[in-house]
Each structure stands twice: as structure tokens, then as C-alpha cells.
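Report on the structure given below.
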Amino acid sequence: MKTKKWFLYSTEFFSGMSVMAVEIGASRLLAPYFSSSQIIWTIIIGTIMIAMALGNIWGGKLADKKPDPDHVYVRILVAGLWIALIPVVGKFIIAGVSLLLALFVKKAFLVVASLLSCLILFVFPLMLLGSVSPALVKFAATSLDSNGRTVGTMSALNTIGSIIGTFMPTFVTIPTVGTSITFFIFAAILVIICALYFFWIRGEIRKKDVVMTSIAIVLSVACGIGSTFGSFAFWQKDLVYEGESVYNYLRVYEDDRARYFSTNVLFGVQSIQMKDGGLTGGYYDYDLAAPLMAGVHKTEDKQDFNILILGLATGTFATQCLKYYGDVKIEGVEIDGKIVDVARDCFALPESVEVSVSDGRVYIYSGEGKDRKYDVILVDAYQDITIPPQMSSVEFFRIVSDRLKDGGVMALNMNMYSDDEKSINAYIADTVAAVFPEVYNAKIQGNRELFASKSGDMLKNLEEGIGTVTDERLRNSLSAALDKMTENGKYVGGDLILTDDKAPVELLGIKLVDAMIEEELSYYREVFRKGGFKGLWESFT
């Protein structure tokens, strides 16, 4: 009985560990498709808590109705097998759910699609695991005098297991072996516990249990092997690199024209490098106006001209600055060290670019950048679909302003554009204008580039600098940017100010993404309306 009670305690520990590991794994499984924003995390946590609550109620009733540990370990076995299966079929289910909902859901697509994916993939196994605790408490309790101690021990073990199940996937298994193998590791733990129970702890080996457990072991191993094949973007051709880090899912792919870097599957490209080494033809090129605005063409020793990039990614801006403006001094800050490796290995980021792995705000507030002054600071830090809250507030832009030289320029890529008077663009522009007296913006290809300075010479410097540019494509691009900024005029800020205390950028960002998705999918909905699934298939093929 003593050994059995110890085993029940161990089961509670590993059950709690697996629940949290699945929760962390769920966020990484969904992130390439729906982002890992606070909104998606809320959906994951809420769904899992609902599943656990239902499991607690169900498990308590079953423990009273059928007080047999066999039933508990069968449920754990099924949960383990289901969890092992998630990385094998999960990406196909998510893609299928997204495709189906895209035809019918017109509002809050990301929220609805991620919620339905969570319900399909995670509710059932976590409800099974949720049913474990009340049953184990019932079986471990030996008398009314020690019930409190038993419940307290069970709760403590579950909590300790949950802590380990939170830290281990985040810092150990996902960065080293990936999300798929992480699911398999914790699924295997559950299956092994059940095998130990049926083959050792119970003391009686039954043929049906041997067959059942053996099948579960074989299927789990098969799922573990199968999960290593294929990618999150299983339809993607010309993949150059795919990997995972503590922060992101990373993907590099290419076509005949360029090489692309993305931290998401369904939307968004973070960097583009043209194979001919030239301009991208997109909004990325407009950022090259910032050095001219700050007077790079007037600087004799280019090493005296300092550029800081907050959100380096693969270094497109850095590489282009070195190409078009000479040997200027460039520092890049990137929070994800694996992205820096990708930049060096896949995008030939020049060694002359000094890179620090850090949060951008920390770097300029208390890190190496706190005592330095810059001619240009490019803010291009993104957390999936939107700017991180700590790098969108009025307090942050005050720090940026303090780090600029006299006549220095901040360039900010807002990535998405909307004419809505209360869109994320309006909030960020108003916040920047609350700090900088000179703010101009240029809209291009659905994006907006914002330029800000404490000096009133930005446009004058740009106009003069364009005349010194020898590359015709760059000169035309910069002239277009100047025309747009001149046409728009100086930005007059409003009262939509983001602060460290209140910066709902994720909610604003996901609202804008939904609008963009709606616009993109309207064509396919019309195709489906006219030709059904056959017409939809023909449009893709």
C-alpha cells in the first residue's frame, strides 16, 4: 500500500507536468499560424482551464461511481496517445480549420480559428488529465484524519510538476529538439507511467492490459517518428531553413527573385533579400530615406555616422545602408539569438554590423546603448503581428529621443496601414508626435513609414541628399518617399497616446490583421460561392 501511494503521488506529479507542457506546446503549435500574441495565449489558457474544470468534475464523479485505479490509468494512457498524435495531425487540422472558416467567417477570423483549433486538439486529452487528480486523492486517502495532508501533498506535487512542465519545454526541449518532439516526450512519460502501473504496481498482469498498453506504446513511438517529418508550412516549396527558438518559429524560403524570412506561416514577411542585391521594391526601401534626413551625405568620415536598428531581423536595412551610404557604423539589436544566426548564415549579414541579443528598450535604457548617441534609430521590432507594448509607448519614444544626436532621425516601420481614425497606426503616430516636434509619414503598399526628429531639417536634408545618390532605383524610391511626405505634410498629433500603463497594441493589431484577412479572402469566398469546392480547388491549381 505504501508503494502504491507513492506511485499515486508520482502520477499526480507527472500529470501536472504534462498538462503545462501541453499548454506551452500548444502556444508553439498555434504560433506559426495565428501568432503568439496575448490574445492567442488567452484563448489557449482559457480553453485548457475549461477542459481541466470539466475533467475535475467528471473525474470526481467517476471516482465515486467506479473506485478502481484501472480506469484512471486507462484515461491517462488515452491522453498520452492523443498528445503524441497532436504534432502529427495538428498542422493539418489547423490548416483545414483555417481554410474552412475562411469561407464563412468574416469577423475575428484569427480568434475563431485559433479557438476552434484549440477545442479540437486539446480539450479532450486535457479533460482526461483533469479527471486524474480527484480520483488519485480518493485512492490515496486512507483515513479522515489524514485527508488534509493527502490533499495538500497531491496539490503540491501537481504544482511542482506544473512548474517543471512550464520551464522545461520553454528553455530546454523546444529550443533543442522542437515542438513536435516535445509533445512526444511528455506523451511518452504518461504512457510509461501507465505501463508501470499495469505491468508492475498493480501486481496482476492481464492479457488485455498487455495488449492495450503495448499497442499504445507502439502507436506513440510511431507518432514520435512521424512528427519529425514535414514542416509547419507543409505546403511550402523552396524551404531553405525551418527552426524554432525560445521566442519564435523561424522560416526561410526563396523563389527566383528573392529570399524571404518569416516568423509566421499564414501571414507576414519580416525580411526580404533580393538575389540581385538591389532594392526590394517594397516599403523596406523607404527606410533608406532616414540616413539622408539625418545628413549622411554631409558626413566626411562615415564611421562618425551611427545607425541603431531595434529589431534587426536578418539585417536587410543594415546591408542596404552599407551598400548605398558607405562604411557607416551600424549596431543591431535583436531579442532572438537564433534570428541573428539565420541572418549570418542565410542572409550574409556583414560582420561589420555589431549585433546585441537583447530587448530593444532594455538596450537603450540600461544596456550598452544607454550612453551612446545615434544619427538614425530604426524601430522595426515586431512581436508576431504588432509592435511590442514596451516599444510603442510615449515613455519608450522619450528614451529614443534622448539617444538621438541633434538632427538625428527616428524611423518607424508600422508594417500595417489603416485609414481608421482609431487604428493602431493612429495611436502610434499620435504617441510619436507627443514626443517629437517634427513627424512625417509615407504610405506605401499597405504600410506606413514614420519619420520623426527634433530638428526641422528632415525634408530639406532628404531633398539635398537625393541629388547625391547615384543609384537610379534608389533615387526614384527616395523621391517618391519625399513626394508622399511633402504631400501629406507635417503630422499633427492627436490624443490617442499609448503609455506603459495602457498600450492595447495586440488588440488593435489583431483587429487590423482581421481586416486585412477579410480583404484577402473576399476573392476566394466569391469563387466558392460560384463554383463550390471544385471552383476553389481550380483557383489554387
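Please treat every number below as a calculation from the coordinates, not as lab data. Model, not experiment: these values are computed from the prediction. Here the Cβ is made from the backbone with ideal geometry for all residues, glycine too, and neighbour counts use every protein chain on show.
List of remarks:
- Scattering curve values for the chain, log₁₀ I(q)/I(0), Debye with Cα scatterers, q = 0.09, 0.11, 0.13 Å⁻¹: -0.75, -0.99, -1.23
- Only Lys, Arg, Asp and Glu carry charge here, each on its Cβ (+1 for the first two, -1 for the last two); on that basis the chain has a dipole of about 2760 debye about its Cα centre.
- Leading residue at positive end of dipole, region 386-443 (Cβ point charges), from Ala426, Gly407, Pro437: Gly407
- The sum of -39500 (n - 2.57) across all DSSP H runs of n ≥ 4, divided by the residue count of the chain, sets its helix-only mean residue ellipticity at 222 nm to -18500 deg cm²/dmol.
- Bridge type composition, the chain - antiparallel percent by DSSP, nearest 5: 60 percent
- Only one residue of Pro69, Ala84, Thr386 has its Cα farthest out toward the positive end of the dipole of the chain, where Lys and Arg carry +1 and Asp and Glu -1 on Cβ, and that residue is Pro69.
- Cleavage-rule hits (trypsin sites (Lys or Arg not before Pro)) in region 417-481: DSSP loop, at most 15 neighbouring Cβ within 10 angstrom: Lys422
- Residue-by-residue Karplus 3J(HN,Hα) for region 461-470, coefficients 6.51, -1.76, 1.60, Hz, glycine and proline x: 4, 5, 4, 5, x, 4, x, 8, 7, 8
- Here the mean projected area of the convex hull built on the C-alpha positions of region 3-62 is 4.8 nm².
- Shown here: region 250-368, whose C-alpha atoms stretch 42, 34, 23 Å along the first, second and third principal axes, sorted largest to smallest.
- Label zone of Glu242 (point 7 Å out along Cα→Cβ, amide N under 14 Å): in region 156-185 this covers 178-181.
- The GluC sites (Glu not before Pro) of region 153-256 meeting both criteria, a DSSP state outside H, G, I, E and B (loop) and at most 16 other C-beta atoms within 10 angstrom of the site's C-beta, are Glu204.
- Charging the Cβ of each Asp and Glu at -1 and of each Lys and Arg at +1, and nothing else, the dipole of region 95-220 about its Cα centre rounds to 240 debye.
- Proximal charge balance of Phe317 [Cβ under 9 Å; K/R count +1, D/E count -1]: -2
- Charge sum, other residues only, whose C-beta stays under 14 Å from Lys275's C-beta, Lys/Arg counted +1 and Asp/Glu -1: -3
- Here the contact order of the chain, divided by its residue count and restricted to Cα pairs under 8 Å and six or more residues apart, works out to 14 percent.
- Measure of compaction for region 2-226 (Cα Rg per 2.2 N^0.38 Å): 1.04
- Evaluated with a Cβ-only charge set (Lys, Arg +1; Asp, Glu -1), region 2-226 carries a dipole of roughly 260 debye about its Cα centre, given to the nearest 20.
- Distance between the modelled labels on Lys106 and Val221, one decimal in nanometres: 5.4 nm (7 Å Cα→Cβ projection).
- Diffusion constant of region 65-147 at 25 °C, which comes from Stokes-Einstein with the Kirkwood Cα-pair radius and 0.890 mPa s, µm²/s: 161 µm²/s
- Over region 106-208: Rg over Rh, Cα atoms, Kirkwood Rh: 1.07
- Stokes-Einstein D in µm²/s, Kirkwood radius over Cα pairs - region 279-503 at 10 °C with 1.306 mPa s viscosity: 92 µm²/s
- Given the chain, longest segment not containing exposed loop chymotrypsin sites (Phe, Trp or Tyr not before Pro) (DSSP; at most 13 other Cβ within 10 Å): 236-541
- Mean sequence separation of contacting Cα pairs (under 8 Å, at least six apart), scaled by the length of region 279-503, corresponds to a relative contact order of 23 percent.
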